[in-house]
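Quick notes on the structure that follows.
The values are calculated or read from the model by the stated rules, or taken from the named source; none is laboratory data. Nothing here was measured: the structure is a model prediction, and the numbers come from that model. With ideal geometry, Cβ positions are generated from the backbone for all residues, glycine too; neighbour counts draw on all protein chains shown.
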Amino acid sequence: MNRLPIALLLLLLSQLSLNGQRSPNIIFIMADDLGYGQVGAYGQTEIQTPCIDKMAEQGLLLTDYYAGTAVCAPSRCALMTGQHVGHTYIRGNYEIKATEQHESGQLPIPDETITVAEKLKEADYATACIGKWGLGYPLSEGDPLNQGFDFFYGYNCQRHAHSYYPKWLWRNHDKVDLGERNTVEGYSHYRLTTEARKFIVQNKNQPFFLYLAYTIPHSHIQIPATDPNFTQYLSKDWPAVQKRLAGMISLMDQDVGGILDLLKDLQIDENTLVIFTSDNGAATAGGVIKDFFNDSGPLRGIKRNIYDGGTRVPFIAHWPGVIEAGRRSNHIGAHWDLMATACEMAGVDLQPGTDSVSYLPLLRGDLEKQTQHDYLYFELHWPTKRAVRQGDWVALQENTSSVNPDINKIELYNLKADLGQENDLAANYPEKIKHFKKLLLEAHTPNKHFAFGQGRPKK
């Protein structure tokens, strides 16, 4: 009688969820500097995003979902660790200059950091990070290959990711040459999508986690002149940079749709959760004209602002057979909730010390089982600011020079009555201000690299 080796049997059992099915795949697609109002499902009328809009029609759209904070690295740290930025190791864009010993990059998250990828490895998921990392230069403790990812392809350093024609990208620890500037071969976004599709195909028969951190539409606004997603806008009476921006977002939309189609072709779409979101609000880098496309929708502010336009982002979840089509929810969630959600999906225990709340019950429609946050906390350094949202109320300091909340002005808004945060109610509600000051202190833990009132360190 043939018997399965014990190790293989345990592996197979570990890949089964509680209902006897294989653990679901997770694809987390995160755009870079995509504003709340820059896709059609959130009200955009000029930039064409039919695939993401269809994704929303077939899945769940959240109206009150937030990034980790208002800039790249700390937002990504919150996503990977399940902690809000008052608790994360990274709280600002802390740049590390190249030396003879190491490449350039950003301040590394420590070895003891527990990431979503590491938790999913406990359930024998294949894991990949494709796109932009920004949480530790190559071979550091924060290198994605030292933080639970089996495979990395893309930009390790955020500054390297400013260009879509970088001449090379990382494949694990090897530099892979691309084509020249302004060529199809040299355009990095195409390569990221190709690698993402390869990873999906190669791992279709086992549970996998793909963190697809696209760089569109961040910084340099570049797209090949022949790409049809760009050429469709050439007849528009817009500045050239806005035509390129629109083309880039439409290109990303096309590739999101292509990934959904691939999952269906591979017959794994009903066992795959796909999430589309952004790392923070819209930006003006590369000459982009602020609010030309109503980039933040009804929200105030953009990237680097602690108003909702800097932190509230699109969130669309697609999972046929699990998520009922056409749902919208005002559930208040944030990037750090991926940790608890992924752990619950994979059947592994959530580690202590996170701020993460699983939204798996919400995805399934089990609303009575969905836990709610008491509040969300946001912190940012250089520029230094912070905010708390509790229910419909938001208290914020757009300038924070001290951990003591009495030092700087606090603004107070009721989002239900004033979504655009135009009417500061702080003077009308002194008791609420007193309450929110307590929350600002409670949510913040000291960090030697990021202290209120401390300037940005030299590279």
Members of region 177-187 that are surrounded by 12 or more Cβ atoms within 10 Å (Cβ to Cβ) and touching a helix residue (DSSP H, G or I) at 6+ places or on another chain (Cβ under 8 Å): L178
Residue tally, condition in a helix (DSSP H, G or I) and either at pLDDT below 95 or among the acidic types (D, E) (or both), over region 53-69: 2
Residue in region 323-334 that is in a strand (DSSP E or B), polar (S, T, N, Q) and buried (at least 18 other Cβ atoms within 10 Å of the Cβ) present: yes
Some residue of region 214-227 being of a type outside the set (F, W, Y) and not in a loop (DSSP other than H, G, I, E, B): no
Residue among L419, L412, L360 that is surrounded by 15 or more Cβ atoms within 10 Å (Cβ to Cβ) and in contact with a strand residue (DSSP E or B) (Cβ under 7 Å, 6 or more places away or on another chain): L412
Pair list, Cβ under 8 Å, 6 or more apart: region 342-357 residue touching a residue at least 24 places away in the same chain (Cβ under 8 Å), other residue surrounded by fewer than 18 Cβ atoms within 10 Å (Cβ to Cβ) and among the polar types (S, T, N, Q): M345/S17; A346/S17; G347/S17; V357/T371; V357/Q372
Filtered residues of region 427-459 (kept if under 15 Å from Q390 (Cβ atoms) and surrounded by 14 or more Cβ atoms within 10 Å (Cβ to Cβ)): Y429, K432, I433, H435, F436, K437, L439, L440, A443
D279 vs. criteria surrounded by fewer than 22 Cβ atoms within 10 Å (Cβ to Cβ) and in the same structural domain as D64 (by TED's automatic domain parsing): no
Residues (in a loop (DSSP other than H, G, I, E, B), of a type in the set (S, T, N, Q) and in contact (Cβ under 8 Å) with a residue 12 or more places away in the chain) located in region 405-448: Q421, T445, N447
Answer residue from region 235-271, given it is in contact (Cβ under 8 Å) with a residue 40 or more places away in the chain and among the polar types (S, T, N, Q) and is farthest from E195 (Cα to Cα) among those: Q242
Residue within region 94-114 that is in the same structural domain as F209 (by TED's automatic domain parsing), of a type in the set (D, E) and within 28 Å of Q202 (Cα to Cα) present: no
Residue within region 121-144 that is in a loop (DSSP other than H, G, I, E, B), of a type in the set (S, T, N, Q), buried (at least 20 other Cβ atoms within 10 Å of the Cβ) and out of contact with any Ser or Thr (no Cβ under 9 Å at 6 or more places or on another chain) present: yes
Region 168-186, subset modelled with pLDDT of 95 or more and among the basic types (K, R), residue farthest from D150 (Cα to Cα): K175
Residues located in region 307-322, provided they are in a loop (DSSP other than H, G, I, E, B) and closer than 17 Å to G40 by Cα: V313, P314
Only one of D265, D279, D261 that is touching a Ser or Thr at 6+ places or on another chain (Cβ under 7 Å) and of a type in the set (D, E): D279
Matching residues in region 168-180 - criterion: being over 20 Å from H102 (Cβ atoms) and touching a strand residue (DSSP E or B) at 6+ places or on another chain (Cβ under 7 Å): D177, L178
